[in-house]
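Asker: Please find one structure pasted underneath; my questions will follow.
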Amino acid sequence: MKTHAFIYLASQSPRRRQLLDQLGVRHELLLASPDEDAEALEEHVAGEAPAVYCERVTQLKLAAAVARMKKRGLPPAPVLCADTTVALGRRIFGKPVDADDAVATLQRLSGRTHRVMTAVALASGRARTSALSVSTVRFAAMPPHAVEAYVASGEPFGKAGAYAIQSRIAAWIERIGGSYSGIMGLPLHETAQLLLQAGVLFEE
Ligand SMILES: Cc1cn([C@H]2C[C@H](O)[C@@H](COP(=O)(O)OP(=O)(O)OP(=O)(O)O)O2)c(=O)[nH]c1=O
């Protein structure tokens with residue numbers, strides 16, 4: 001099997017960078033150029049189940065990233081990308097568009113258990129592998145002032161479901177089931193498995 005000294009991480013998420021660093025995998029960022037409409041990849045098809053959506057969007061991100069690597073004439077290396085989707089029943093909560101949207105999302109999640117899915121996908125040569133991590137998160141009932149203060153802190157923006165488990169909202173998280181790193185944006189166990197199978201080297 002071919003071994004790889006580094007990979008491309010096709011993600012603008014600082015959390016994914018941090019999590020991949022935690023694994024000791026050397027990586028370079030492969031970011032979309034301004035002419036690529038990254039948000040268009042995340043459009044939801046009516047009636048689509050959250051897991052199907054999450055995996056589909058991840059494959060679209062991967063295809064776009066591999067095309068980008070080739071178009072830029074970069075040295076070939078495995079390409080990793082992911083998508084995190086927050087779901088309550090069949091309803092998907094993406095990144096909030098504004099403060100009202102963030103407040104409404106957090107009010108829906110308050111006092112309930114929701115699912116956080118992160119799909120991770122790897123392209124290595126012609127091979128494509130992927131995994132889906134599904135976790136549950138139980139929020140205590142949050143009083144309106146707590147929701148408003150959290151939204152005013154700016155933390156919800158750019159985060160699926162309008163929150164980050166690694167932020168102060170953790171004070172309202174009663175329980176989780178599944179993968180903490182998956183909730184944060186990159187499930188490390190599943191990611192490590194994909195990388196190992198593809199012959200990617202880990203630092204000691
Ligand atoms: C639920 C949750 C999400 N998030 C973040 C991780 C992701 O950055 C974001 C989900 O949006 P994504 O669309 O998965 O990712 P992204 O647009 O930030 O980055 P890219 O597509 O370029 O990889 O929400 C947290 O940081 N903590 C959490 O607890």
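A short reminder: the numbers here are calculations on the coordinates, not readings from a lab. The model shown is predicted, which means the values in this text are computed figures rather than measured ones. A quick note on method: Cβ atoms are made from the backbone with ideal geometry, for glycine too, and the neighbour counts reach across all protein chains shown.
Asker: Given the C-alpha centroids of the range 83-107 and the range 6-52, what is the distance between them in whole angstrom?
Answerer: Answer, in whole Å: 18.
Asker: Filter the GluC sites (Glu not before Pro) in the range 1-74 down to the DSSP loop ones having no more than 16 other Cβ atoms within 10 Å, then list what survives. Provide the component values of the computation, followed by the final result.
Answerer: Details: sites: E28, E36, E39, E42, E43, E48, E55; in loops: E36, E43, E48.
Hits after loop and neighbour filter: E36, E43, E48.
Asker: Same structure again: Quickly estimate the mean residue ellipticity at 222 nm for the chain, helices only: each DSSP H run with n ≥ 4 gives -39500 (n - 2.57), and the total goes over all residues, rounded to 500. Working shown, then result.
Answerer: Details: 6 runs with 67 residues, N = 204.
Counting only the DSSP helices, I get -10000 deg cm²/dmol.
Asker: What distance in nm lies between label points placed 7 Å from Cα along the C-beta direction at A104 and A192?
Answerer: Result for the modelled spin labels: 4.1 nm.
Asker: Within 10 Å, count the other beta carbons around each residue, average over each peptide in 123-133, 78-88, and list them highest first.
Answerer: Details: 123-133: 16.4, 78-88: 25.0.
Output ranking for 123-133, 78-88: 78-88, 123-133.
Asker: Loop-only check: which trypsin sites (Lys or Arg not before Pro) in the range 55-105 are DSSP coil with at most 12 other Cβ within 10 angstrom?
Answerer: Counting only loop positions with at most 12 other Cβ atoms within 10 Å, the trypsin sites (Lys or Arg not before Pro) in the range 55-105 are R72, R90.
Asker: Here is a further query. Translational diffusion coefficient of the chain at 10 °C, 1.306 mPa s, Stokes-Einstein with Kirkwood Rh over Cα pairs, in µm²/s as a whole number. Write down the numbers at each step before the final one.
Answerer: Details: Rh = 17.5 Å.
Approximately 91 µm²/s, per Stokes-Einstein.
Asker: When the chain is fully extended, how far beyond the present Cα-Cα distance does A63 get from T3, taking 0.36 nm per residue of separation? Let's see the in-between values first.
Answerer: On the way: separation 60, 0.36 × 60 = 21.60 nm, distance 2.20 nm.
Stretched out fully, the A63 to T3 stretch lengthens by 19.4 nm.
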